[in-house]
Amino acid sequence: MKKIRLAVIGTGMAWERLHWPAIQELGDKYEVVALCNRTRADAENFAQSINLDFSNVYDDYHKMLKRDDIDAVNVLVPIEQNYDIAADVIKANKHLIAEKPLAATLEGAKKLVDLHQKHNVKIMVAENYRYNEEMNKIRDIINEGKIGKVIYFILNKIVDFESEMKKDSFAAKEWRQHPQYRGGTFADAALHDIAGMRHIFGPVDHVYGMGIPQQEDYNPYISVNSQILFQNGVIGQFSYYPDGQETQTPLVGLRIFGMNGEIYLEEKMSGTINLTYRDGRSEQIAYTPKRGYYNELLNFYNAFNGTEDISVTPAIAYGDVKMVFDILTSIETQQPVYVDKPEPEWRKKEQHAIYANLYETPEHSRFLQ
């Protein structure tokens, strides 16, 4: 099968630590032919490390996109740039590996979905949680009926963002500490968990969110608690606390309760999914952590060569983004919000008045653009 000639826009931490190691594993399937970074010297440093001639390095991606020897473009830039750059790649008729979220606004995400429908290019959204081994194994366990009918779940996510800000980490990035997009780390990090839940349980009926406000730039709420009803009848609770630490073990993690048993995943790096059954049996299912990056790039390669479909399309990723913003809207309006189903007419009239009051200030309205 044909090797993908890959160009990269954004040669920073996400490329070097997440995508590049996976590309190296897939060395017989990908060839990096061009690099672009706002700070050209950074791209040149990476080019030197892989023996790529500096004639293939750019600080203006528009020039790079004019090349006819590029099959696909991997975009890894700050969230507020996702829409503009992805749109330009699509309009240049290049296949695209897009980052999550699709855009900083719901309108931008919808525009990318529409662009995808108009252009004959393949687009994969690199939502690694949808490709992680543990998410797929958990979904298989449920679909096989091993724990019986699922009744409810608990997902508790706690991250000490302020401590991470002081390390050589993704949280140390200025654009994450002072985001120019709605939702802060909830739209960035919690989006992964939301995508994972939707991958396991499917479309969502509606959500009801609550949050404790804070003044810190990185997230509008010190904690977010959301009640979720999926269209298949599963209900559950997702809690996100971006400035805390769990001081007791085992962690709450992800717990899925079925009529015949329970699934427990302490956290994504544990390497073990625990199953317990009402008849007293138990089993542990091993998995390899952090395989989402490899799996997503393998999926894109196979789709490029026509042997399988892309698993995470813009339309699927749009639903993930919408649910993030729906939870935030629910917190702000103190009302439930419908996600993957049309809102009833009686609710539309009621909500119209609420939204009109809520978003009448320029500070709020800029997030709806």
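Tabulated data
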| item | result |
| --- | --- |
| Contacts under 7 angstrom Cβ, first residue in the stretch 236-255 being of a type in the set (Val, Ile, Thr), partner surrounded by 13 or more Cβ atoms within 10 Å (Cβ to Cβ), 6 or more apart | Val252/Ile154; Val252/Asn156 |
| Residue tally, condition under 24 Å from Glu308 (Cβ atoms), surrounded by fewer than 20 Cβ atoms within 10 Å (Cβ to Cβ) and of a type outside the set (Val, Ile, Thr), over the stretch 95-124 | 6 |
| Which numbered condition Ile263 misses (of (1) touching a Leu at 6+ places or on another chain (Cβ under 8 Å); (2) assigned to a strand (DSSP E or B); (3) of a type outside the set (Phe, Trp, Tyr); (4) surrounded by fewer than 20 Cβ atoms within 10 Å (Cβ to Cβ)) | (4) |
| Total residues in the stretch 270-309, condition touching a strand residue (DSSP E or B) at 6+ places or on another chain (Cβ under 6 Å), in contact (Cβ under 8 Å) with a residue 40 or more places away in the chain, outside the structural domain of Leu76 (by TED's automatic domain parsing) and buried (at least 16 other Cβ atoms within 10 Å of the Cβ) | 3 |
| Extreme residue, surrounded by the most Cβ atoms within 10 Å (Cβ to Cβ), among residues of the stretch 160-190 that are among the hydrophobic types (A, V, I, L, M, F, W, C) and within 15 Å of Ile79 (Cβ to Cβ) | Phe186 |
| Counted residues, the stretch 323-342 - those being in a helix (DSSP H, G or I) and buried (at least 20 other Cβ atoms within 10 Å of the Cβ) | 9 |
| Neighbours by Cβ (under 8 Å, 6+ apart or cross-chain): first from the stretch 28-52, assigned to a helix (DSSP H, G or I); second of a type in the set (D, E, K, R) | Arg40/Asp59; Ala43/Asp59; Phe46/Glu16; Ala47/Asp53 |
| Some residue of the stretch 125-132 being surrounded by 21 or more Cβ atoms within 10 Å (Cβ to Cβ), part of a helix (DSSP H, G or I) and of a type in the set (Phe, Trp, Tyr) | yes |
| Condition check for Ile141: hydrophobic (A, V, I, L, M, F, W, C) and either over 30 Å from Val234 (Cα atoms) or assigned to a loop (DSSP other than H, G, I, E, B) (or both) | no |
| Qualifying residue in the stretch 198-218 (condition: outside the structural domain of Leu76 (by TED's automatic domain parsing), surrounded by 14 or more Cβ atoms within 10 Å (Cβ to Cβ) and either touching a Gly at 6+ places or on another chain (Cβ under 7 Å) or basic (Lys, Arg) (or both)) | yes |
| Residue within the stretch 110-131 that is more than 27 Å from Ile23 (Cβ to Cβ), over 12 Å from the mean Cα position of the chain (by Cα) and touching a residue at least 24 places away in the same chain (Cβ under 8 Å) present | yes |
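Listed here are the residues, each with its yes/no results for (1) within 20 Å of the chain's Cα centre (by Cα); (2) assigned to a helix (DSSP H, G or I); (3) under 18 Å from Asn132 (Cα atoms).
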| position | (1), (2), (3) |
| --- | --- |
| Ile273 | no, no, yes |
| Thr276 | no, no, no |
| Ile285 | no, no, yes |
| Thr288 | yes, no, yes |
| Tyr293 | yes, yes, yes |
| Leu298 | yes, yes, yes |
| Gly306 | no, no, no |
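The values are calculated or read from the model by the stated rules, or taken from the named source; none is laboratory data. The structure displayed is predicted, hence computed values, not measured ones. So basically every Cβ, Gly included, is an ideal-geometry build from the backbone, and we count neighbours across all protein chains shown.
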